[in-house]
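The values are calculated or read from the model by the stated rules, or taken from the named source; none is laboratory data. Keep in mind it's a predicted model, so treat the numbers as computed, not measured. So basically every Cβ, Gly included, is an ideal-geometry build from the backbone, and we count neighbours across all protein chains shown.
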Amino acid sequence: MRCKTVKSLIRGAALLVLLALVLSACGGGRKADPDTGEESGEVREEVLFTEKEVALPEYTAEPEPEEEAVRILDGQEKVKGKGDLSLSVRSNLDPKKPMIALTFDDGPSAYTMDIMALLEKYDGRATFFVVGEMLEKKAEELRHMIDKGHEIASHTWSHTNLRKVSKEDGKKAMNSVIVYMKENYGYDVKLCRPPYGASNKTVKEEAAELGIALVIWSVDTLDWSTRNAEATFKAVKKEAKDGAIILCHDIHKPTAESMKKVIPWLHEKGYQLVTVQELLYYKNNGASAGKTYYSVGD
């Protein structure tokens, strides 16, 4: 009888142990919270990767630099050569290849933007001898000239014949455009074309005192007279050569129309379309104040 009782107790103990093992294998029971150390009544799965919030450094935008009065173009340099004038030129031009300078007087006008659009297609630049009276009316055109690397030069404030006025008045007429461009755009004018090409010793002295050079031309298209696009194109074809300075007027619609032939033709013939400053530097090794230039490389 006693043996049966002992056996029964052993069986009961074994059943209890077995039951405990089964419950443990099934994941039952309470687990301690890994963060607080307290037990939780819910069953939690093992977390293999714990995402943590990472404090990112605060981004502070750098203050944008103040907009310059004149944007400095990529690849453009200030140079002198043997002259005393500091000239702005593109550094990617090839001095061994022919260059030609298209110049436009009396604007800006309603046709100036069209001419600049044509030049841009062929990576060309031009020099615009502007009349001061037009400047306030054509601020958009002036800004575009500057941004696209064209050259702005003086043609006096009101198309003054410099040989018919006093030295003081002649100097003021040329300087008015220089001062306006500097004060309103931060732009340094280096050249002046006397209206009608009218110059003399006194005009040269005025230019020297102002620190600018005088520019005439070697090719007169007579576009102001013919007002004919085909005639202007023929004049360019006949006279174009390396180092030439070509006179045109961007105030005439036929001139703007002629550029649709002139600019592609010059490009096809291998001419680099450059500003007068670039022509003077690469083909003349610089320019000096008070001197007069008709063309270079003759």
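Among the residues of region 250-298, those that are in contact with a helix residue (DSSP H, G or I) (Cβ under 9 Å, 6 or more places away or on another chain) and at pLDDT below 95 comprise Val296, Gly297. Please determine, by comparing only the residues of region 71-90 that are surrounded by fewer than 17 Cβ atoms within 10 Å (Cβ to Cβ) and among the polar types (S, T, N, Q), which one is modelled with the lowest pLDDT. Here the answer is Gln76. No other residue among Leu118, Leu135 is within 23 Å of Pro194 (Cβ to Cβ) and either under 22 Å from the mean Cα position of the chain (by Cα) or touching a residue at least 40 places away in the same chain (Cβ under 8 Å) (or both) apart from Leu135. Restricting Arg125, Arg143 to those that are basic (Lys, Arg) and more than 19 Å from Tyr293 (Cα to Cα) reduces the list to Arg143.
For region 268-281, which positions are under 22 Å from the mean Cα position of the chain (by Cα) and either assigned to a helix (DSSP H, G or I) or within 12 Å of Ile246 (Cβ to Cβ) (or both)? Reasoning before the result, please.
Kept after step one, since they are under 22 Å from the mean Cα position of the chain (by Cα), are these residues of region 268-281: 272-279, 281.
Correct list: Leu273, Val274, Val276, Gln277, Glu278, Leu279, Tyr281.
What number of residues within region 258-282 satisfy the criterion of being surrounded by fewer than 18 Cβ atoms within 10 Å (Cβ to Cβ) and more than 13 Å from Arg125 (Cβ to Cβ)? Steps first, please.
Within region 258-282, the first condition is being surrounded by fewer than 18 Cβ atoms within 10 Å (Cβ to Cβ), and the residues that meet it are 260-261, 264-265, 267-270.
Then drop every residue that is not more than 13 Å from Arg125 (Cβ to Cβ), which leaves 260-261, 264-265, 268-270.
Residues that pass the stated criteria total 7.
Scanning region 207-221 for residues that are more than 29 Å from the chain's Cα centre (by Cα) and within 23 Å of Gly297 (Cα to Cα) yields a count of 6. In this entry, Asp250 is excluded by the filter for residues that are under 25 Å from Gln76 (Cα atoms) and not aromatic (Phe, Trp, Tyr).
Can you confirm whether Thr103 is within 19 Å of the chain's Cα centre (by Cα) and closer than 22 Å to Ala256 by Cβ? Give the steps one after another, and end with the answer.
Working: within 19 Å of the chain's Cα centre (by Cα): no; closer than 22 Å to Ala256 by Cβ: yes.
For Thr103, the condition - within 19 Å of the chain's Cα centre (by Cα) and closer than 22 Å to Ala256 by Cβ - is not met.
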